[in-house]
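Structure, as structure tokens:
Please treat every number below as a calculation from the coordinates, not as lab data. All of these numbers come straight from a predicted model, not from anything done at the bench. Ideal geometry is used to build each Cβ from the backbone, glycine not excepted, and the neighbour counts take in all protein chains shown.
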């Protein structure tokens, strides 16, 4: 595969965003009914549903940079109905019925989003082709089959997830090596930057105020202090995800874990036919190190992965968005899984932080006394979850008793991450162990017992 020395260092999604609204900064003083901190999908969906439910509310969104600057505008474009915690994990802590409710509502969120996109004329390349998780080794196949059995025992049906033998994986996608795969229809692809800008256009037309270039410094009993002054609100919604470390309420509640991506040039027809990505299902494998990929509408492979280092004290800097070693591994993974694309030029590379709570559990919380609520902690599975959690938040704010307000994530409080330097050592050990375990399994055909035990103990 060609190198990426000449690749653009911004998300490929930006190239096809033809309508990018422009908004100015916040004034020195303003008063609103609801102030939403964060101009990503969580904040925009919250404004969308709240403005629909109560059109007379004065709603303002405060964004430090521009709409979609964070993970919402640069992610892998997966709109997945799967949550950071599996159905069986949720059932173990909250009971089978509550876990099934969460997954029923999450799967249904895809239809909800699609309906909104059509109704509001938001063009973002929506395509529901499902998802394929392929086993690159026999050990991965065993793990994936065990995982599938656990989810089906917890209540998922064959219509939700099913095993595809290795001989039939090519009906969905042709990968270089597979021992079978898990397929689910509950995943779509989108251009995330088009999605956030489309939502911004819609809520702005409804009368929601959007202030960009307005970095928030503190939230205190309805007072939002920002770079230019302050906003007084009857209620404040924090939707800052991977940038939450700078707000007191979420200090050590999340770790900003970096996830990086590359995109190839549009592939020629011969290459596309060789890969056989027939219905553009999203793709990942059963390794410990997370990878994720989609085939874009114009025939590019957009491929991402974790593995970039965690930075001491949860620091987030723009220079961390590019990591040569991580990008090199991602490029190598494309050639590994899709050797027909090994010649393709890398046109874009980028990255940024996502939010990981200590227990991998997202939350939507509300504190009426302090005029404060928060949603987030999606661990990279946020494109659909932002919609689900925003609708849940609106029901809570308006004191509606619905199925959403019964979700196990409501008012969940994750434990704090360990103080430094324990946090730095623990998170980076997890990252290193993920790659080490995958490499050992590929070389030896068995799992490294001690490393696997340490990895599981650190989770």
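Quick look at the values:
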{"read-out": "Helix axis angle, 41-53 relative to the chain longest principal axis, alpha carbon, degrees", "value": "50"}
{"read-out": "Burial order of peptide ranges 379-390, 431-442, 341-352 (average beta-carbon count within 10 Å, highest first)", "value": "379-390, 341-352, 431-442"}
{"read-out": "Helix 382-397 axis, angle to the chain major axis (alpha carbon atoms, nearest 10°)", "value": "30"}
{"read-out": "Contour excess over end-to-end distance, with Cα ends at residue 369 and residue 432 and 0.36 nm allotted per residue", "value": "18.4 nm"}
{"read-out": "Bridge type composition, the chain - antiparallel percent by DSSP, nearest 5", "value": "65"}
{"read-out": "C-alpha long axis of helix 422-444 to longest principal axis of the chain, angle in °", "value": "20"}
{"read-out": "Ranked by how many other beta carbons lie within 10 Å on average, peptides 403-414, 156-167, 130-141 from highest", "value": "130-141, 403-414, 156-167"}
{"read-out": "Distance between modelled label sites at residue 359 and residue 176, nm, 7 Å Cα→Cβ extension", "value": "4.1"}
{"read-out": "Computed [θ] at 222 nm, helices only, for the chain once each DSSP H run of length n ≥ 4 contributes -39500 (n - 2.57)", "value": "-10500 deg cm²/dmol"}
{"read-out": "Among [x] 33.3; [y] 22.4; [z] 20.3, the entry derived from the coordinates for mean projected area of the Cα convex hull in nm²", "value": "[z]"}
{"read-out": "Listed peptides 393-402, 232-241, 83-92 by packing density, highest first (mean Cβ within 10 Å)", "value": "232-241, 83-92, 393-402"}
{"read-out": "Rg/Rh for region 418-459, where both radii come from Cα atoms and Rh is the Kirkwood radius", "value": "1.06"}
{"read-out": "For region 319-458, alpha-carbon Rg and Dmax in angstrom", "value": "20.1, 59"}
{"read-out": "Evaluated over region 65-161, the Cα radius of gyration and Dmax, each in Å", "value": "16.2, 46"}
